[in-house]
Structure formats: C-alpha cells, structure tokens
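**Student:** Dumping the structure here so I can ask a few things about it.
The values are calculated or read from the model by the stated rules, or taken from the named source; none is laboratory data. As the structure is a prediction and not an experimental result, all values here were calculated from the model. We place every Cβ from the backbone using ideal geometry, glycine too, and count neighbours over all the protein chains shown.
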Amino acid sequence: METLNRSAAMIGLAAALGVGLIVGLERERRKGDGDRRAAAGLRTFAIAALAGAVAQLLPVPTLVPIGAVLVATLALVSHWKSRSRDPGMTTEIALFTTYLLGVLCVVEPSLGAACGAGLALLLAARRRLHRFATDLLSEQELHDGVLLAALALIVLPFISSRPIEMLGGIALRPLAAMVLLIMAIQAAGQAAVRWLGVRGGLLGAGFASGFVSSTATVASFGSRAREHPLHTALLAGAAGLSAVATWVLALTMTAALSPPAALALLPVALAGAAGAAAVGLLPLLSPAPSIAPEAPVSTRSALRPREALAIALALALVALLVGTAQRHFGDTGLQVGIALGALIDAHAPVASLASLHAAGTLATDRFVLGVLVAVGTNTLTRCAVALTTGGGNYALRVAAALTASLACACAVAIWLTRSGQA
C-alpha cells in the first residue's frame with residue numbers, strides 16, 4: 001500500500017513538473033532581456049508547480065492555502081516593480097494558476113496535465129487571439145456571440161427537459177438548443193462571407209444558410225442567378241452546398257435526440273454530404289469571373305430569431321403529424337407523414353423520426369429509411385424551386401448536386417443493409 005502511495009506521489013510530482021516546464025517555456029520566450037526583462041520564466045514556473053504538488057503531498061492541511069497566498073503575493077510584488085511600459089497581468093496570473101495546477105496534479109494527474117497543456121496553448125496563442133478579437137471580429141459579431149452565450153448559459157438551463165408525449169417524445173430543451181444552434185450558424189455564415197472573400201463567402205453563405213432552410217437557400221440564389229446569368233455556376237454551387245448542411249443538421253439533431261440512431265445514420269449522412277460537396281465545390285476549379293458577384297455582406301445582426309423559432313415550430317408540428325400517422329396507420333402512415341412533412345423542409349421529419357427511435361417505437365432500419373424518404377422528397381421540392389426561381393441552367397446544376405447527394409446516401413444505406421444481412 002505504501003509502495004502504491006509512493007508511486008502515485010511520483011506521478012503527481014512528474015505531472016506537476018511537466019506542467020511547470022511547458023508553461024514556463026512559453027513564458028521564458030516572452031520575458032525579453034535587458035532592464036525590461038520580466039521576472040518569471042522557465043525555472044520560476046517549474047518551481048511554482050512543484051511547490052503546489054509538494055504542499056498537497058505534505059500532511060499539513062494549511063500548507064496549500066499558505067503557499068497560494070505566498071505565490072500570489074510574490075506575483076503582485078513582481079507586477080508592482082515591473083518596468084514595462086505596458087505591464088499586463090498575464091504572467092502573474094499564469095504563475096498563480098501554475099501553482100494551483102501543481103496541487104491538482106497530485107489529486108488528478110491526468111486532469112492537471114491537460115489543464116497545464118491548455119494554459120500553455122492559451123498563452124502561446126496570444127497574437128492570434130488578439131488579432132481575432134481586434135481585427136477579424138466585428139463589433140456586431142461580438143455582440144451576437146455574447147447574446148448567444150447568454151441564451152445558452154442563462155436561459156436554456158431553465159427550459160424543461162421532460163419529453164412531451166404528443167410531440168413524439170421531443171422535449172422543449174432540445175428544441176430550444178436547436179434554435180440556438182441555428183442562430184449560431186447564421187452568425188458564422190455572415191462572418192464567413194466577410195472572412196473568405198466573394199467566391200468563398202458565397203459558397204460559405206450557401207452552406208450556412210442550409211442550416212436554416214435549404215429550400216429557401218435554393219430559391220434565394222436562384223433569384224440572383226436570374227439577375228446575374230454569368231454567375232449561375234457559382235450561385236448554383238452555393239445552393240448545392242446547402243444540401244451538405246441538410247445532412248449535417250440532420251445528424252446533429254439525431255445525436256441530440258437519439259445517439260444510437262445518429263451512429264446508424266453517420267455513414268449515410270457523411271456519404272450524402274460528400275456527394276453534395278463534390279458537385280457544389282466544382283465552381284472553385286474554374287477561373288474566377290471577370291466581374292465578381294457582390295458578396296451578401298450586411299452590417300446588421302446576423303441572428304434571425306424569427307427564422308429559428310419558425311423552424312422549431314415546424315419541428316413540433318411535423319412531430320405531431322408523424323407521431324399521429326404512425327399511431328393510426330403504422331409504418332405506411334409513418335412514411336406518408338414523413339413525405340408530406342418533407343415537402344416543406346427535411347429537418348422536421350428527421351427530428352420526429354429520431355424522437356420515435358429514442359422512445360423505442362421505431363427500429364433503426366426504419367429510421368434510416370425514413371430519413372432517406374424525407375431527404376428524397378425534399379430534393380424534389382428543391383429542384384422544382386430551383387427551376388422556378390433560377391431557370392433551366394441553374395436548376396440542372398442544383399439538381400446535379402442534390403441528386404449526387406441523395407444517390408451517395410442511398411448507395412451507402414443499401415451497402416450497409418446488405419452487409420448486415422450477410
């Protein structure tokens with residue numbers, strides 16, 4: 001027993017020393033030289049981590065807080081005597097944190113080592129983080145991010161997580177989480193347009209808009225294709241990438257509602273997304289047009305809560321439709337209900353299927369088949385919308401991406417079914 005305790009103590013000390021060295025190495029490179037040389041470096045951080053580990057190992061209950069007060073005091077004195085023109089508190093706080101991580105390494109060596117590596121990575125990414133905060137991130141994007149974080153951390157935990165039977169077992173909290181997910185993707189899509197340039201931004205916007213509504217994305221880019229016929233290929237590629245988002249969101253919603261169903265859907269969804277991406281990204285292989293299309297950049301907030309809430313409402317209504325159809329008409333009614341719901345959007349039927357699978361009323365193979373029915377039916381809708389809004393050339397290109405996506409997904413599903421039967 002004593003040998004075991006000694007071995008655990010050695011592991012904790014080794015982890016603490018490793019944390020001190022890796023954090024101290026990063027700080028050593030930031031110290032500078034001459035009169036303006038910072039106080040704490042490689043040796044100081046290694047000693048602080050070891051001090052925390054030793055204080056935790058020794059049988060003196062008050063030694064850890066005493067050591068923490070001592071390290072904090074020394075850090076404050078070092079900051080007070082600093083000769084730097086811009087004396088930040090990063091090194092001093094990092095030194096105190098390293099001491100605490102040394103204590104943690106004795107209690108949980110793996111967790112302490114992971115936290116130490118994360119601290120070193122955070123310190124090393126100083127310039128990248130500063131550039132992201134000051135150059136890449138706009139004021140409106142920062143506001144959107146803070147609002148999303150507040151909704152996720154403050155509002156979401158108060159929403160009920162109890163499943164509602166009449167909605168096929170879907171709870172309100174997953175629905176609210178999906179609303180936040182869609183809003184986050186809206187913000188990311190607008191940022192992508194600004195960061196990636198015109199061509200990359202349009203393709204990125206098409207992909208991100210697909211998380212809200214692939215059908216609406218196809219219609220929007222179709223209208224622009226009629227106005228700018230020279231850019232039909234690029235706009236059709238952007239619309240085709242919305243099918244990638246359809247599969248990604250279907251997989252995400254399924255994982256939130258029924259992880260086993262998501263595992264079964266994973267290879268099918270990856271194949272469908274790969275097929276749409278392969279065709280949608282083809283415009284990048286062609287030379288850029290002499291007159292570039294205008295990027296849909298907006299200074300307004302990228303968050304569209306009305307659209308996200310409308311999708312959540314559609315999820316609830318289609319869940320009610322599909323659940324009722326299955327109870328009254330069995331599997332035939334289920335597939336018909338899925339097809340009817342998917343005429344507008346494929347996301348809602350997929351969520352309904354996942355909830356039924358989670359409730360144990362739908363087999364895995366029936367679930368995968370239902371997802372293919374939903375995406376296939378919605379593919380017909382999107383092709384019709386593309387023809388109506390963008391004309392024949394645009395519709396053919398969009399149909400190529402959507403058909404490739406559906407064909408790849410069906411091929412993988414058939415192969416998996418035959419492999420399982422063999």
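**Student:** Anything in the stretch 116-125 that is without any contact (Cβ under 8 Å) to a residue 40 or more places away in the chain and in a helix (DSSP H, G or I)? List them, or say none.
**Tutor:** Passing the criteria: Gly118, Leu121, Leu122.
**Student:** Could you check the stretch 224-253 and list, in sequence order, the residues that are crowded, with 24+ Cβ neighbours inside 10 Å and in contact with a His (Cβ under 8 Å, 6 or more places away or on another chain)?
**Tutor:** Within the stretch 224-253, Ala225, Leu235, Thr246, Leu249, Ala250, Met253 qualify.
**Student:** Given the criteria at pLDDT below 70, farther than 30 Å from Leu356 by Cβ and basic (Lys, Arg), does Arg224 qualify?
**Tutor:** In short, no.
**Student:** Separate question: For the stretch 157-171, check the following and say yes or no: at least one residue is at pLDDT 75 or above and part of a helix (DSSP H, G or I). Break it down stepwise before answering.
**Tutor:** Just the residues of the stretch 157-171 that are at pLDDT 75 or above, to begin with: 157-159.
Subsequent filtering for residues that are part of a helix (DSSP H, G or I) retains 157-158.
There is at least one residue in the stretch 157-171 that is at pLDDT 75 or above and part of a helix (DSSP H, G or I).
A quick yes/no check of all residues on (1) buried (at least 19 other Cβ atoms within 10 Å of the Cβ); (2) outside the structural domain of Gly206 (by TED's automatic domain parsing); (3) among the aliphatic types (A, V, I, L, M):
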site	(1), (2), (3)
Val368	yes, no, yes
Leu396	no, no, yes
Ser405	yes, no, no
Ala411	no, no, yes
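For every residue, the table says whether it meets (1) in contact with a Gly (Cβ under 6 Å, 6 or more places away or on another chain); (2) at pLDDT below 75; (3) β-branched (Val, Ile, Thr); (4) in a loop (DSSP other than H, G, I, E, B).
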residue: Ala192; (1), (2), (3), (4): yes, yes, no, no
residue: Gly201; (1), (2), (3), (4): no, yes, no, no
residue: Phe207; (1), (2), (3), (4): no, no, no, no
residue: Val212; (1), (2), (3), (4): no, yes, yes, yes
